[in-house]
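Asks: Can you read through this structure? Questions will come right after.
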Amino acid sequence: MNDLNEMFFQECDDLLEGLSSGLNELENGSNDEEIVNSMFRAVHSIKGGAGAFGLDQLIEFSHAFENVLDDVRAVRLAADENVVALLFTASDHLSDLVDAARNEDQLPPEQGASILSDLKHMSGSLDDDSHAHDGRGEEDPPAFEPTTLTVDGGLPPLDDMLSPTAPTPLTITFKALPQLYTNGHDPTLLFRSLQELGSLTINADLSSISLLRDAPWSAPTLSWTIDILPDDSVDEAVIREVFEFVEGLCELEIQSHASAPPIETLPPLEEHTQVPQSGAPSLGPDPRETKETGVKPASGSKKQPAARSSTIRVDLQRVDQLINLVGELVIAEAMLRQSMDEMPHSANGSVDEAMSQLKQLSGAIQESVMAIRAQPVRGLFQRMSRIVRETSKEAGKSARLVTIGDATEVDKTVTERLVEPLTHMIRNAIDHGLETPDQRLAANKDKRGTVTLEAAHRSGRVVITLSDDGGGIDRAKVRQIAEDKGLVRPDDDLADADIDNLLFRAGFSTANEVSNLSGRGVGMDVVRNEIQSLGGRVSMQSEPGKGTSVTISLPLTLAVLEGMVVRVADQTLIVPTLSLREMLQPGQASVHTLCDGDRVLALNDELVPIINLGAALGYRTDPVCLGQQSLLLIEDDSGRRSALAVDAIAEQREVVIKGLEQSYQSISGIAAATILGNGRIALIIDTDQVIALPGRMGAAEPPAPGATGDVVNA
Amino acid sequence: MHDNETDSNSTKRVEIVCFMVEEQDFCIEISHVLEIRGWTSTTTLPHAPDFILGMMNLRGTVLPVVDLSLRLGFGKTEPGKRHVIIIAQIDEKVVGFLVDAVSDIITVDEAEMQAAPDVSSARTQAFIRGVYSVNDALVRAIDVRAVLPQGARLEA
Amino acid sequence: MTRILAVDDSRTMRSMLQATLTDAGFEVDVAEDGVDGLDKLEGAAPDLIITDINMPRLDGFGFIEGVRAGRRMASVPILVLTTETGEHLKQRARASGATGWIVKPFDETKLISTIQRLVV
């Protein structure tokens, strides 16, 4: 696939995104004409590109599509519910066609046949059988242009210029009108073109040239008589074609000497009042040009204010390389700082100053570079609107998608990797969340359900919420299924939130009747895993009868993370501050040892299990004296807390994330790695996993408050 | 399956990097080798197989280092300054192989590779594609994909 | 060297024009709509302009009128490159001041011969 081709498909993606967003606005009752205009242009551009690449299926469909949009644009067709529905369907199909073309494939014609015929029917062009390049405009009422030109049968089509008739000498009389020059023509060039068609004799008629003092200069007065003996296979039509572009800008007579001379005079185009009649080039500069006053560029009023963002497209690899290099820079800076700290104190404060400036700068560069990868979630959300349409259709439900915060920017990798989880969540919401239209009516709800997708930045993270106004989680049913599958015991005491969390358990699926939709396979556990691998968290809230919402919280970028540097068994580790709640130094905490030897931390009225991090990660086997340890209180998605016992807490800092999966594999308890100031690698703890690690001290069951041991006032 | 770069109708010359592990000769194709580096300290990974020495920092890239001696069924290497790390790219992954020393880079005819003689342990056998006979010595060609940790191979 | 300003809102089309025309030995500037075209007009100082019709902000007709109404380069040849072949559109283009038109998808040879016919 060559670059242009690829560029075309990338552009198609953008255009389809624009189309989709326009449709959503149209559906929401907007009647801004620029929306339809831009939708029209989007389809039109796809058609144009498709033409250039010879993608016939795409051309035909986008042409029919464009015609309907043109009708809507010209208010010949009202954008009512039916029309918008058809436009949605057409836009989905157009997207499929683009995808097929991208894969150098075609869709089976029957797949879009009904949509195509609906479109053609809608625009009333069903009987119009020449699709791709028909002069559709000709059917339009001449609403915007009173024409003064009468064209008898028009000019010959460009393609059949060649005709086998024997050449006959012709005499051409040609007089340029002022506008010929203002439209960028030059008689000399016309003559030059003629010269290629036969032998010429050109006579200029100077008789009407006015004297110098008799202005106006701008009116050209020259006329020419040209005798031409055309070459073989050049006929009058070919000669006329030379003058095609100056039609109406000149007085033209072409006389054939073979037959009776058909005289044709093209009447001049109506004077164009806006256009300054600047002089013909052959007559020298127009003196009026220097004192031109009245005619400011007509474009002035149409120009937008200067503030507009211009963009360039950059290969993602280059951006990533830049991000990597900046990451290196930050590390190098840290290394430099560290080795300077180790040097005997120099009296030179200016070095310190320069160092802190360097640190600020490299931080700022890093931030700006990260921002390059950020892109609005709009495209992602718009993809979801199609999922909503398709899923609700399949599930026999009626649903609409409302999006909020489309402009929220997220790292490109994050938006890409959110497609799958969000798709699944939306299918879930419609398949399991929303009630059937009848049930909804019975519950006094709008028979059409609403699925809301909202994105927002909140304290350095991106929060994406998917909510539906359906029936909420059927907790009794969820619990029953979990019991049937042995995930919980019948006598377990579960709070509502615990039951909701069961949905995220591996192997759980609420579909006891495997519906077509849930049959697609993945459960919410897969969603959670995917979100967690992005450094994010998922949580779920539900209210019976009112609906369910799933909240995803994600880091702004996958490249840096705020963490606490700790030391355990000669290893340096990073604990992400996101899940860090509190740090306790020896002496502050009251630690209890349970009868089985596990230790817990008494914190307010709660007993929190203590995890010996060194042991949990297999770095040490010998017992540690808790009295020498520092504790980090961490909390996972579902609010479970643990205290990590570490040898020492060093500092809080931002670290560059280096994934392990790419070069190695995922490691339980470890989220990623980073490179420290001394060039060594430190592992970043995955706190959620550490809380769930089997080897931790303090088992899965929270200790009963009554359990006592000897109190260690550490 | 792997390494089917062999051209069926003409013999293919390949360059191999020869190295020593436990005083025996091994080699890998030079097309896998990115660079050869001196020993550098690694960061121990939790829950990793014993032959994964840890992760090293190669100019900002974090990559695992395999103790090839342990992996091939010899003893554990106590790495030090005299050891060498061969940085190799296998599919998408970059890995370091800790070896005793790199001895030579030579060109061989791939067709001359013979089945490995049944002298070494079963464990070694599993990681050897075949042997080249070079100057009366047998140089064993490592199956680079097989020596990778299992999980890493599955993900590739 | 002959300088050409190509105005089209489709970046595919812009690249395609740029590649084709550069290969043919022209020096090519691009603009992405009429407003951008007018902005770049002076800097590009083209010997010829090629413009699309359907564009956001300022369409091809408006752009041509803008060029023709300007002080400088008012009489530069302007070729309309469009998928539309409706006669009234041709006429409208001519009324706006277009010098010629080429129907998309363009035939390279035809495009270049047309350009050569319009510039010295």
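Asks: As an exercise: evaluate residue A:464 against (1) open to solvent by 20 Å² or more (accessible area, probe 1.4 Å); (2) of a type outside the set (Gly, Ala, Ser); (3) modelled with pLDDT of 90 or more and give the number of the one condition it does not meet.
Replies: The failed condition is (1).
Asks: Which of the residues that make up segment A:636-660 are open to solvent by less than 50 Å² (accessible area, probe 1.4 Å), touching a helix residue (DSSP H, G or I) at 6+ places or on another chain (Cβ under 7 Å) and of a type outside the set (Gly, Ala, Ser)?
Replies: A:636, A:637, A:644, A:646, A:656
Asks: Please determine whether any residue of segment A:607-630 is touching a residue at least 12 places away in the same chain (Cβ under 8 Å), more than 14 Å from every other protein chain (Cβ to nearest Cβ), of a type in the set (D, E, K, R) and surrounded by fewer than 17 Cβ atoms within 10 Å (Cβ to Cβ).
Replies: Among the residues of segment A:607-630, not one is touching a residue at least 12 places away in the same chain (Cβ under 8 Å), more than 14 Å from every other protein chain (Cβ to nearest Cβ), of a type in the set (D, E, K, R) and surrounded by fewer than 17 Cβ atoms within 10 Å (Cβ to Cβ), which makes the answer no.
Asks: Might you check whether a residue that is surrounded by fewer than 20 Cβ atoms within 10 Å (Cβ to Cβ), facing chain A (nearest Cβ under 10 Å) and either modelled with pLDDT under 90 or farther than 30 Å from residue A:333 by Cα (or both) occurs anywhere in segment B:70-87?
Replies: No.
Asks: Does segment A:415-429 contain any residue that is of a type in the set (Ser, Thr, Tyr), closer than 27 Å to residue A:90 by Cβ, open to solvent by 10 Å² or more (accessible area, probe 1.4 Å) and not in a helix (DSSP H, G or I)?
Replies: No: zero hits.
Asks: Looking at A:568, A:591, which one is surrounded by 21 or more Cβ atoms within 10 Å (Cβ to Cβ), out of contact with any Pro (no Cβ under 7 Å at 6 or more places or on another chain) and at pLDDT 85 or above?
Replies: After ruling out the rest, the residue left standing is A:568.
Asks: Then there is this: Would you confirm whether any residue within segment B:89-104 is open to solvent by less than 10 Å² (accessible area, probe 1.4 Å), more than 14 Å from every other protein chain (Cβ to nearest Cβ) and closer than 28 Å to residue A:327 by Cα?
Replies: Yes - at least one qualifying residue is present in segment B:89-104.
Asks: What about residue A:502, is it in contact with a Lys or Arg (Cβ under 8 Å, 6 or more places away or on another chain) and modelled with pLDDT of 85 or more?
Replies: For residue A:502, the condition - in contact with a Lys or Arg (Cβ under 8 Å, 6 or more places away or on another chain) and modelled with pLDDT of 85 or more - is not met.
Asks: Next question. For the structure I just gave you, tell me whether residue A:309 is open to solvent by 50 Å² or more (accessible area, probe 1.4 Å), within 26 Å of residue A:454 (Cα to Cα) and modelled with pLDDT under 75.
Replies: yes
Asks: Let me ask something additional. For residues in segment C:1-31 being open to solvent by less than 10 Å² (accessible area, probe 1.4 Å) and facing chain A (nearest Cβ under 9 Å), which is nearest to residue A:18 (Cα to Cα)?
Replies: Ranking the qualifying residues of segment C:1-31, first place goes to C:10.
Asks: Taking segment A:526-565 as the search range and keeping residues that are crowded, with 19+ Cβ neighbours inside 10 Å and among the small types (Gly, Ala, Ser), which one is farthest from residue A:366 (Cα to Cα)?
Replies: A:547
Asks: Which residues, counting only those in segment A:22-33, are crowded, with 20+ Cβ neighbours inside 10 Å and either within 14 Å of chain C (Cβ to nearest Cβ) or touching a His at 6+ places or on another chain (Cβ under 8 Å) (or both)?
Replies: Residue satisfying the conditions is A:22 alone.
Asks: So, one more: What residue, of A:676, A:633, is open to solvent by less than 10 Å² (accessible area, probe 1.4 Å) and at pLDDT 80 or above?
Replies: A:633
Yes/no per residue for (1) away from chain C (no Cβ under 14 Å); (2) under 23 Å from the mean Cα position of the chain (by Cα); (3) assigned to a helix (DSSP H, G or I); (4) within 24 Å of residue A:385 (Cα to Cα):
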{"position": "A:35", "(1), (2), (3), (4)": "no, yes, yes, yes"}
{"position": "A:50", "(1), (2), (3), (4)": "no, yes, yes, no"}
{"position": "A:68", "(1), (2), (3), (4)": "yes, no, yes, yes"}
{"position": "A:71", "(1), (2), (3), (4)": "yes, no, yes, no"}
{"position": "A:75", "(1), (2), (3), (4)": "yes, no, no, no"}
{"position": "A:100", "(1), (2), (3), (4)": "yes, yes, yes, yes"}
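Asks: In this structure, is residue B:51 open to solvent by less than 50 Å² (accessible area, probe 1.4 Å) and within 14 Å of chain A (Cβ to nearest Cβ)?
Replies: Considered against the rule, which asks whether it is open to solvent by less than 50 Å² (accessible area, probe 1.4 Å) and within 14 Å of chain A (Cβ to nearest Cβ), residue B:51 comes out as yes.
Asks: Please state which of the following conditions residue A:12 fails to meet, knowing it meets all the rest: (1) surrounded by 22 or more Cβ atoms within 10 Å (Cβ to Cβ); (2) at pLDDT below 85.
Replies: Residue A:12 satisfies all of (1) surrounded by 22 or more Cβ atoms within 10 Å (Cβ to Cβ); (2) at pLDDT below 85 except (2).
Asks: Then there's this: Mind checking which residues of segment C:74-112 are over 12 Å from the mean Cα position of the chain (by Cα) and under 16 Å from residue C:47 (Cβ atoms)?
Replies: Selection gives C:74, C:75, C:112.
Asks: Turning to a different aspect of this structure: Within segment A:319-413, which strands (runs of 3 or more DSSP E) (wholly inside it) include 3 or more residues that are under 28 Å from residue A:423 (Cα atoms) and open to solvent by 20 Å² or more (accessible area, probe 1.4 Å)?
Replies: Passing ranges, in order: A:374-376, A:399-404.
Asks: Would you point out the residue of segment C:49-73, among those that are at pLDDT below 85 and more than 9 Å from chain A (Cβ to nearest Cβ), that is nearest to the chain's Cα centre (by Cα)?
Replies: The qualifying residue nearest to the chain's Cα centre (by Cα) is C:73.
The values are calculated or read from the model by the stated rules, or taken from the named source; none is laboratory data. Remember, predicted model here, so these are calculated numbers, not experimental data. Virtual Cβ from ideal backbone geometry, glycine too; neighbours counted across all protein chains shown. Each accessible area value is taken on the protein alone, full model and side chains, heavy atoms only, with ligands, DNA and RNA left out. Shrake-Rupley method; radii C 1.70, N 1.55, O 1.52, S 1.80 Å.
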